[in-house]
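Structure record follows, encoded as structure tokens.
Derivation of every value follows stated rules applied to the coordinates shown; laboratory data play no part. Just so it is clear, the structure is predicted and the values come from calculations on it, not from any experiment. Cβ: placed from backbone, ideal geometry, glycine included. Neighbour counts: every protein chain shown.
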Amino acid sequence: MTLVAPTVADYEASADLATLLVRTAQDDTLSLPAEQLRLSCKCAHCIRARFDGRFPDAFPGIAITEIGDLGYGLNISFSDGHNRGIYPKPYLLSLARR
């Protein structure tokens, strides 16, 4: 038996923009809250803010404002103006399974 790692087949923001809905090639639908995504950003700006102790503990009411598909991952923009984060598709799947 060969196990196949799930892959992202499609995605969209929920109607209220508070959640990223990810459909896998295996027809599972996974939900990722916008706040979890914003807190999980690994861009250089966010990594530096964490290092300097300036990164917030929460982003209450944050919304997804735009999603760009880069092929290997998604560039997600948020209502606080942050748009630097690139979320590789395997990383999105790992966040959804936490």
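For the stretch 61-98, the residues whose amide N sits under 16 Å from a probe point set 7 Å from the Cα of R54 along the beta carbon direction are 81-84. With each label modelled as a point 7 angstrom along the Cα→C-beta vector, the S14-R97 pair spans 2.2 nm. Using every pair of distinct Cα positions in the chain, the Kirkwood expression returns a hydrodynamic radius of 13.9 angstrom. About its Cα centre, the chain has a charge dipole of approximately 480 debye under the convention of +1 per Lys or Arg Cβ and -1 per Asp or Glu Cβ, with nothing else charged. Over the chain, dividing the summed -39,500 (n - 2.57) contributions of all DSSP H runs of at least 4 residues by the number of residues returns a 222 nm mean residue ellipticity of -6000 deg cm²/dmol.
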